[in-house]
1. Just one of Met157, Met183 is farther than 22 Å from Tyr250 by Cα and in contact (Cβ under 8 Å) with a residue 40 or more places away in the chain; which is it?
2. Do you know which of the residues in segment 26-54 that are within 16 Å of the ligand (Cβ to nearest atom) and not small (Gly, Ala, Ser) is nearest to Gly385 (Cα to Cα)?
3. Sort out for me the strands (runs of 3 or more DSSP E) sitting completely within segment 301-396 that have 3 or more residues that are closer than 30 Å to Ile288 by Cα.
4. Any idea how many residues of segment 119-129 are open to solvent by less than 10 Å² (accessible area, probe 1.4 Å) and not hydrophobic (A, V, I, L, M, F, W, C)?
5. Is there a residue being closer than 18 Å to Gln85 by Cα and more than 16 Å from the ligand (Cβ to nearest atom) anywhere in segment 284-304?
6. Collect the residues in segment 145-155 that are open to solvent by less than 80 Å² (accessible area, probe 1.4 Å) and within 16 Å of the ligand (Cβ to nearest atom), keeping them in residue-number order.
7. Go through segment 60-93 and give me each residue that's open to solvent by less than 50 Å² (accessible area, probe 1.4 Å) and among the acidic types (Asp, Glu).
8. For segment 324-350, enumerate the residues that are open to solvent by 40 Å² or more (accessible area, probe 1.4 Å) and within 23 Å of the chain's Cα centre (by Cα).
Amino acid sequence: MYEGLKEQLVANLEEIRGAGLYKYEREIDSAQQSHIESNNRELLNFCANNYLGLANDPRVIAAAKAELDERGFGVASVRFICGTQDIHKELELEVSRFLETDDTILFSSCFDANGGVFEALFNEQDAIISDELNHASIIDGIRLSKAVRFRYKNRDMLDLERCLQEAQSSRNRIIVTDGIFSMDGYLAPLVEICELAQKYNAIVMVDDSHAVGLLGVGGKGTPELAGVGHLVDIYTGTFGKALGGAAGGYVSGRKEIIEFLRQKARPYLFSNSLAPAIVAGSLAAIKIAADPVEGVRLREKLHANASYFRTKMTEAGFDLLEGQHPIIPVMFGDAQVAGRIASNMFENGVYVTAFSFPVVPKDKARIRVQLSASHSFEDIDACVGAFVDARSKASL
Ligand SMILES: *Cc1c(COP(=O)(O)O)cnc(C)c1O
């Protein structure tokens, strides 16, 4: 009975390969850090979301190991049956304290957090207004809700205002944006978004997955950086990037919203609780990020690394997108060239990833470099050297 579907899939896979869009997975046989191993070869890693270098931090590992002994491997339940341990509440409290919000609810991932939030809170009487470049999980989450949908051009405030005007007859309006757009490293214009939200009586939701822990003096993310933390009603984010890099996500914000989500958010109600070791490791990671000495030290190192890379690459004549985020796109335009350069760098022991259409616009192919606090200036010099070397070979 499978024959029909099989034939179709084989043909579709062939199409994907033919279009050069097939995603291959490289196997890494070491822990996630700036120096990794793949096929017994050492590589410098410049494409992880391990912004603070906490994915393999001894303090995080020790906390996770201790909880593995104390609270076991798994909880074998959802939160509202018998899957809530003291440490789940402790992590929720720590996120709320860190973001200065009323309350927080954990999910298995930020994908699930975004998948649960819209369907639970909004119906056909409401309007959801979303940036066109928002993360896939936001797009999917919005699809699950019956609300009226509006989409505005990336960071275009005139277009957002048009949507707000068109949505005036709805019961509630929510503006939702990524804090950081991950292909460019661009910041959402949160000051302007919050002003428009005030003017048109809308609530604001920010998915700060690429910024929580690393942007803002206190590491609270893009709302802190923009000075609008108190105007954001709903925060979502992940523990899978700067905050330890393991797994888990959250929705944080207004008291009643979180209370309602505990009653109604389907990925919360019908999916297993986060495992104790992951909760404890994430808790250790967020405490490090929140620490006025250690958090600040890691962020200073991360941003010093990012600006060192920017300076060296600009001196070497590369075209970078401007910005203040450790996502730094090196622009090549041509997809073939970007791909060749990334492969050549890999041969030379530097792991970076090329992105081209349809992930980014046609003729905007790039290599997206991501800095970490765990990189040294020597690592960055080696990366820049590999770019220069690969460029000279790619133009031959
Ligand atoms: C990475 C990311 C997610 C997904 O987070 P997970 O916890 O890995 O599911 C969601 N939203 C944004 C903006 C992200 O960058």
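The values are calculated or read from the model by the stated rules, or taken from the named source; none is laboratory data. In this text, all values refer to a predicted model and were calculated from it rather than measured experimentally. Here Cβ is always computed from backbone atoms with ideal geometry, including for glycine, and neighbour counts include all displayed protein chains. Ligands, DNA and RNA are excluded from the accessible area calculation, which covers all protein heavy atoms including side chains. Shrake-Rupley method; radii C 1.70, N 1.55, O 1.52, S 1.80 Å.
1. Numbers: Met157 fails: in contact (Cβ under 8 Å) with a residue 40 or more places away in the chain.
The unique qualifying residue is Met183.
2. Step one: of segment 26-54, the residues within 16 Å of the ligand (Cβ to nearest atom) are 32, 47-52, 54.
The next check asks that each one be not small (Gly, Ala, Ser); those that pass are 32, 47, 49-52, 54.
Values: Gln32: 23, Cys47: 17, Asn49: 22, Asn50: 22, Tyr51: 22, Leu52: 24, Leu54: 26 Å.
Restricting to residues being within 16 Å of the ligand (Cβ to nearest atom) and not small (Gly, Ala, Ser), the top hit is Cys47.
3. Details: elements: 327-333, 353-355, 365-370.
In segment 301-396, 327-333, 365-370 are the strands (runs of 3 or more DSSP E) which contain 3 or more residues that are closer than 30 Å to Ile288 by Cα.
4. Step one: filter segment 119-129 for residues open to solvent by less than 10 Å² (accessible area, probe 1.4 Å), giving 126-129.
Still in the list and also not hydrophobic (A, V, I, L, M, F, W, C): 126.
Here the count works out to 1.
5. Yes, because at least one residue in segment 284-304 is closer than 18 Å to Gln85 by Cα and more than 16 Å from the ligand (Cβ to nearest atom).
6. Residues of segment 145-155 that are open to solvent by less than 80 Å² (accessible area, probe 1.4 Å), as a first pass: 145, 147-148, 150, 152, 154.
Asn154 - this is the single residue of segment 145-155 that is open to solvent by less than 80 Å² (accessible area, probe 1.4 Å) and within 16 Å of the ligand (Cβ to nearest atom).
7. Matches in segment 60-93: Glu67, Glu92.
8. Scanning segment 324-350 gives a single hit, Gln324.
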